[in-house]
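A short worksheet on the structure shown next.
No value in this document is a laboratory result; all are computed from the given coordinates. Everything numeric in this text was worked out from a predicted model, so none of it was measured. A quick note on method: Cβ atoms are made from the backbone with ideal geometry, for glycine too, and the neighbour counts reach across all protein chains shown.
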Amino acid sequence: MRVVVLTGAGISAESGVPTFRDADGLWEGHHVEDVATPEAYAAQPDVVHRFYDARRAALAAVEPNAAHVALARLEDHLGDDLLVVTQNIDDLHERGGSTRVLHMHGELRSALCAACGARSTWRDDLGHLPPCPACGAAALRPDVVWFGEVPYEMDRISGVIDRADLFVSIGTSGAVYPAAGFVQYAARRGARTLELNLLPSEGTHLFDEARHGPATALVPAWVD
Ligand code: BJW
Ligand code: ZN
């Protein structure tokens, strides 16, 4: 059986990573929609850097939870027939043991050169942003996908959803496209669809089945 799992901030919530749109999901009073845009970065790069610096620092203090670890167990069974497509920029899937993970909204541990497009490892041991290792420009930015930018690997994602028998969405509000549209795409392509989320998402009615509760309970129960 071929399975595509889409994850969002809710899978990392019980590790202590705040979500974007739940009650405590504000950063210094900003909505994510006001920080995670190219326009915000152009106008106030320091504010946007502080947002990602704080989240990178917080990541060092958290651990993967039972939901991340359960998905790694699922990969042990399914191998190449499982792909985790995550909207999260944390590395908790990898630290939980998953290897087949696609970060469609980028990664905190990566830097993107705005001049040449090269991706490199984020260095925060220098006290300042180094120049791009590929082209030398002083143009490194967080390697994340902001509103109005195109998420990574959309062709590969639609290709694996095309062939999937089961599409499972975990811990995402269904508020942000194109990820929010994957369930309808999967259903049209013949996959069964399952939502695992704390509360009904915006698209909960689009799923064949929805189970509601914390990811650390729902995901291991579904996998095992
Ligand atoms: C738990 C839990 C627990 C809590 N257990 N569950 C169509 C219609 C309308 C608008 C658009 C559209 N298409 C495009 C747009 C524009 C825009 C968009 O969607 N806007 C909306 C606001 C309407 N989209 C874009 O601009 C995207 N690009 C694009 O469309 O390009 C064009 C194109 C695409 C494809 C092909 C060709 C062209 C880019 C979107 C980029 C989003 N970027 C961010 C920031 C990334 C970096 C960062 O992390 O800072 O991505 S915004 C933020 O939202 C982040 C997240 O990945 C994303 C989704 O959030 P998520 O993960 O769902 O978190 P929450 O907080 O919303 O929800 C958490 C859920 O967990 C809740 O439901 C809780 O109940 C649950 N939960 N605790 C289980 N313990
Ligand atoms: Zn460069």
> Magnitude of the Cβ-charge dipole of the chain, K/R +1 and D/E -1, about the Cα centre, nearest 20 debye?
Replying inline: 360 debye
> Out of 38, 159, 9, whose Cα points farthest toward the positive end of the dipole of the chain (charges: +1 Lys, Arg; -1 Asp, Glu; placed on Cβ)?
Replying inline: 159
> Could you state the principal axis extents of the C-alpha atoms in the range 117-221, from the largest down, to the nearest angstrom?
Replying inline: 50, 29, 24
> So which helices of the chain fit the span-like rule, where a helix is a whole DSSP H run, its Cα atoms reach 15 Å or more along the axis, and its mean Kyte-Doolittle is at least -1.0?
Replying inline: 45-59, 66-78
> Expressed as a rounded percentage, what relative contact order does the range 165-212 have, with Cα pairs under 8 Å and six or more residues apart?
Replying inline: 42 percent
> Once you mark the trypsin sites (Lys or Arg not before Pro) that are in a DSSP loop and have at most 14 other Cβ atoms within 10 Å, what is the longest gap between them in the chain?
Replying inline: 1-122
>> Between residue 192 and residue 149, what's the calculated FRET efficiency when r is the beta-carbon distance and R0 is 41 Å? Round to 0.05.
In response: 0.85
> Where does the Debye-calculated log10 I(q)/I(0) of the chain sit at q = 0.11, 0.13 Å⁻¹, using only Cα point scatterers of equal weight, no solvent?
Replying inline: -0.55, -0.76
> What nm distance separates the two modelled labels at residue 80 and residue 202, each placed 7 Å from Cα along Cα→Cβ?
Replying inline: 3.6 nm
>> For the range 1-98, report the % of Cα-Cα distances exceeding 20 Å.
In response: 45 percent
>> Can you compute the FRET efficiency between residue 211 and residue 175 using 1/(1 + (r/R0)^6), with r the Cβ-Cβ distance and R0 = 25 Å? Round to the nearest 0.05.
In response: 0.80
>> Could you tell me the relative contact order of the chain? Use alpha-carbon pairs under 8 Å, at least six residues apart, and round to a whole percent.
In response: 24 percent
> Which whole-percent values make up P(r) of the range 62-120 when all C-alpha to C-alpha distances are grouped in 5 Å steps starting at zero?
Replying inline: 4, 19, 25, 21, 14, 9, 5, 2, 0
> Any idea what Rg and Dmax come out to for the range 156-196 if you just take the C-alpha atoms, in Å?
Replying inline: 9.5, 25
> Projected onto the charge dipole of the chain (+1 at Lys/Arg Cβ, -1 at Asp/Glu Cβ, origin at the Cα centre), which of 19, 190, 133 gives the Cα projection farthest towards the positive end?
Replying inline: 190
> Roughly how big is the range 99-224's charge dipole about its Cα centre, with Cβ charges of +1 (Lys, Arg) and -1 (Asp, Glu), in debye to the nearest 20?
Replying inline: 200 debye
> Any idea what the dipole of the range 90-131 comes to, in debye rounded to 20, about its Cα centre with Lys/Arg Cβ at +1 and Asp/Glu Cβ at -1?
Replying inline: 140 debye
> Between residue 26 and residue 118, what length in nm is gained on full extension when 0.36 nm per residue of separation is reduced by their alpha carbon distance?
Replying inline: 30.1 nm
